[in-house]
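Derivation of every value follows stated rules applied to the coordinates shown; laboratory data play no part. The model shown is predicted, which means the values in this text are computed figures rather than measured ones. All Cβ positions, even for glycine, are placed from backbone atoms using ideal geometry, and neighbour counts span all protein chains on display.
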């Protein structure tokens, strides 16, 4: 009896490493693809992980994540997407239009969850918002559609300003179309608008120098992944240094000293992207999952910055604000 018990125990001990390896091998690996830098948005990555956790997936426990960050060098994204495909990840989370397009070009079979501000139908990511029909779905922020609204808010902030500017990233797939839309909005408001482009730190510096030369009274900054995640601090600092009232698309700008922002709550939309990823890992098909669209847009005003710029915020605008930072 003792010998049999010993053999049984020995066999069980030998099986434990095999079971552990099998469990490790079965752990799904998802790819995260972004043109930004992980150091710029840790709170948003945490929100994404919360969405996965809502579906029972915890990184390091029953999920592995292969993160690929291009650090603002969008030309690296196609090769990064190809690497994730070669690794045969279970799913790719693509953050921003360039990442989504790179992932879509790299695979027609691996599920893709995008977090995107552009027109995902025109970009070819989905057949329609309600029935994506392919291997991609996700969250569509419609940030480009908000650009004319940002101009309208800015005119209420500086109602006597005759000349405005729009800072655009020409590398953004929707840059030209959005610039035309905001030009039309400026004409409808009876305002003059200068469109300036920048896609590097040096070009951003040069763009602000041009705005000062043209005596632009106020600035709309395009909602763009490169601007928002990588150059946010530079943009806020230049607006303050040159005394230019500016409106941005992310709450994070206002937290860092930006004057005013209008857009979606990014932490919530990143959580929704993580939630969709978790649901797909549990067996749902992206082709049947409608693209998530935000239902609320936030207006944030930084009163301290307004005072520094010598601006008086009207009571009407303060009433409209979702949050006022003092």
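Values computed for the structure shown
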| read-out | value |
| --- | --- |
| Geometric extent, Cα atoms of segment 149-268 - Rg, Dmax (angstrom) | 13.0, 39 |
| Percent antiparallel among DSSP beta bridges (both partners in the chain, rounded to 5) | 10 percent |
| Segment 223-322: C-alpha pair distances exceeding 15 Å, % | 67 percent |
| Three-way shape label, segment 154-211, alpha-carbon gyration tensor, a/c 1.5 | oblate |
| Crossing angle, helix 201-213 versus the chain [Cα axis fit, 0-90 degrees, rounded to tens] | 20 degrees |
| Per-peptide average of other Cβ atoms within 10 Å, ordering 209-216, 298-305 highest first | 298-305, 209-216 |
| Angle between the chain longest axis and helix 42-53 axis [Cα atoms, degrees, rounded to 10] | 40 degrees |
| Relative contact order, percent, segment 149-254 [alpha-carbon distance under 8 Å, six or more residues apart] | 34 percent |
| Segment 205-292 - percent relative contact order, Cα under 8 Å, separation 6 or more | 21 percent |
| Part-to-part distance (alpha-carbon centres) for segment 71-139 and segment 165-194, which is given in Å | 26 Å |
| Segment 132-187 - Debye-derived log10 I(q)/I(0), Cα point model, q = 0.21, 0.22, 0.25, 0.26 Å⁻¹ | -0.85, -0.90, -1.05, -1.10 |
| Helix axis angle, 2-26 relative to the chain longest principal axis, alpha carbon, degrees | 30 degrees |
| Relative counts (whole %) of C-alpha pair distances in segment 254-297, using bins that are 10 Å wide | 23, 39, 23, 12, 2 |
| Gained length - residue 200 relative to residue 282, 0.36 nm times residue gap less alpha-carbon distance | 25.5 nm |
| Value of Rg to Rh for segment 39-131 (Rh from inverse mean 1/r over Cα pairs, i.e. Kirkwood) | 0.95 |
| Separation between Cα centres of segment 293-315 and segment 268-291, rounded to whole Å | 33 Å |
| Relative contact order computed over segment 240-284 (Cα-Cα under 8 Å; 6+ residues apart), in percent | 27 percent |
| Highest-first arrangement of 261-267, 174-180, 30-36, where packing means the average Cβ count within 10 Å | 30-36, 261-267, 174-180 |
